[in-house]
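To keep things clear, I will list the structure first and then write my remarks on it.
The values are calculated or read from the model by the stated rules, or taken from the named source; none is laboratory data. Computed from a predicted structure; not experimentally measured. Surface areas here come from the heavy atoms of the whole protein model, side chains and all, with no ligands, DNA or RNA. Shrake-Rupley method; radii C 1.70, N 1.55, O 1.52, S 1.80 Å.
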Amino acid sequence: GINAEYMGSFVPCERQTTSFATMASVFHNEPEIHSEVPEVVFRLSLLNNERLCFFGHVGIRVLSGAVTVLGSILSIKSQPAQLHAPTCGPALTIEPCWPPASVRAAVADGGDEQDFPAVFMLRCGQSEVYTALLAQVYPRSLLTRPLKLGEGWVKENAFGLRGFHLVMLPHPDELPLLQLPPSWHGLVGLLHNSNASVVVCGPRNVGKSTFVRFLVNSLLNRHPRVAVLDTGVGQCEFSGPGLVSLMVVSQQTPLIGPPFTHLHLPCFRSFFFGHTSPERDVTRYAECVREALRALSELPGPACPLVVNTHGWVTGLGLSSTHELITSLRPTHVVELVKPSPDKSLSVNGLVVNRLRNLATDVYPLVDPDFAHSQSLTTVRGETCWGTMLQVHTIHSAVVGPYCKTLRAGDNRNLQILTSIFPPPPWSFDAAQGGPPSADQLLDRHHFSHGLAGALPFRVPWSAVRIAVLGTQVPRSETLRSLNGAIVGLCDDPTEYPAAQSHANAEELDLPLFLRAPPVLPFLGYGIVRAVDPRTRSLYILAPTSAIHSNTLLRGSIDVPPFLLLQPASALVEPYTATDMFFTGTGATPLRPRKNLIRGKT
């Protein structure tokens, strides 16, 4: 739990009398929540022409040979991995593949397993945990709907594995999968050098994040680690929304699942932008990207490939910012994803590719400015002004199969915020170290709004923090009001500001320091301002213990998800919402509607 002692300016409040979850169960994973029910382990063997298609959450350990899942090759030398395929997204497939040279000799030592290219074990994953998370965003009718679309085509809880739903369709074209184009595999074959750097760009909703996961997993088959610079603040891959982050992914943690399933991976450096689109503040966004590029030089260890994910704003200033990133980073490859045309021919009208071609005379002097047309891969090879070869590729995005759904951007952001506040408990393939919690034990822990209501906040004196509202001008008299019930970015600013710069007179010395143009600071964690107390001149903030030494609160446009504020069948008072007012006052705005609900027929 949290020790009742001073830790920087964040002072733990005295424990409240409440029947809800405490801060220890919100930000810490207590061992007593693990289930004592024995876990089921199932052993499977796959031939060359077989593959396993499934929904759900499961752990896998390879015993012989190798399998591939979303570009990642798992062999007998790989650590057990978690596979996540929630029913609100596409299914996953486990396919046998030729193992790497370092483990091929072990295939012949498998005894009765040598007749099969791949032998592996499956164990129950954290299905209840992620189902509870998804149920806050999606109605349970939608979560179970893909399992009922075709009679007999999905076997629920297959092999006795709870939450593992086997898809059984005779025709491969009917599988609810993301169909990966051949050009994706061909592009990975070009990336042999450990110094390779790839910038992935393209408009919104073309599958950049999916391609980044596939590319990172494929690179991890050849390299022990891969660095990932995520500049897509609207749909971050390794963090909550509004961040520009730099990650190092190792072979032990492949990316097999939606972004909210691997937020537990440690982040090397991240910077709080505070918005879900660069359009809100192009200047500050560029500063965040520059700071992240500077952090690349601080990565420890040997050189490793770099993958850069970009935003989907590819017109106007958005295209200029992407071009500025490319010229500043000096990558070896630029990959632009485009949607296939109706006649399945590749469109070479990628905006970023055309931008590079038009500026070839002064920035990118291309050796051969003509495009090499191909139905699967279009490549422009050129020599940059710094003397290294640049390869620009235009490739197809993945095609969504039948019965296949994808997460909406807004729902994905809400899930990331929820997972950041309520991280899933640790999971191990070995049953001796504890399995997933049961549904009954999850009932109290995943009453999320109740958990926040009963969590113990930190009390922070006004005079101990700096406050800034990003992307807009808020009068100083309204700044503290704007923080009430808001999500803030917690940062540590080492700058010493003179008192005369922030306070007009002696009566304001116990007020926060209001920053109009805060510097770009490393991000320590999210905080939720529970209350602003003018009597004690304090803020009450829910924050992880990793961020208690922060001294700067940055307020952006990221809001608390509505389901954390609303609880229809609850006796709790909802302090931050109202239903009897018109949205005409300054700063008043309605909650965003949920467009993923199934409306009843009248």
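Once the whole set of protein chains is in place, how much accessible area is left on VAL119, using a 1.4 Å probe, in Å² to the nearest 10?
Near enough 0 Å² of accessible area.
Using only Cα atoms, what is the ratio of the radius of gyration of segment 289-345 to 2.2 N^0.38 Å?
For segment 289-345, the normalised Cα radius of gyration comes out at 1.44.
On the protein heavy atoms, probe 1.4 angstrom, tell me the percent of accessible surface of segment 243-341 carried by carbon and sulfur.
Roughly 52 percent, rounded to a whole number.
What ranking of MET168, MET247, MET121 comes out by heavy-atom accessible area, probe 1.4 Å, highest first?
Sorted descending by solvent-accessible area, the residues read MET168, MET121, MET247.
Could you sort CYS304, CYS88 by accessible area so the largest value comes first, with the probe set to 1.4 Å?
CYS304, CYS88
If ligands, DNA and RNA are left out, what is the accessible area of LEU317 with a 1.4 Å probe, given in Å² to the nearest 10?
Answer for LEU317: close to 100 Å² accessible.
With every protein chain kept in the model, how would you rank ASP559, ASP430, ASP493 by accessible area, 1.4 Å probe, largest at the top?
Result, largest first: ASP559, ASP430, ASP493.
Taking the solvent-accessible surface of protein heavy atoms with a 1.4 Å probe, what is the per residue accessible area of segment 225-265 in Å²?
Ligands and nucleic acids excluded, the result is 19 Å² per residue.
Could you pull the accessible area for THR68 with a 1.4 Å probe, rounded to 10 Å²?
Per-residue accessible area (THR68): approximately 40 Å².
With 5 Å bins from zero, work out the P(r) of segment 159-276 over every alpha carbon pair and list the percent per bin.
Percent of pairs per bin, in order: 2, 9, 17, 20, 19, 15, 10, 6, 2, 0.
Could you give me the radius of gyration and the Dmax of segment 253-308, taking only the C-alpha atoms into account and expressing both in angstrom?
Reported Rg and Dmax, both Å: 13.7, 37.
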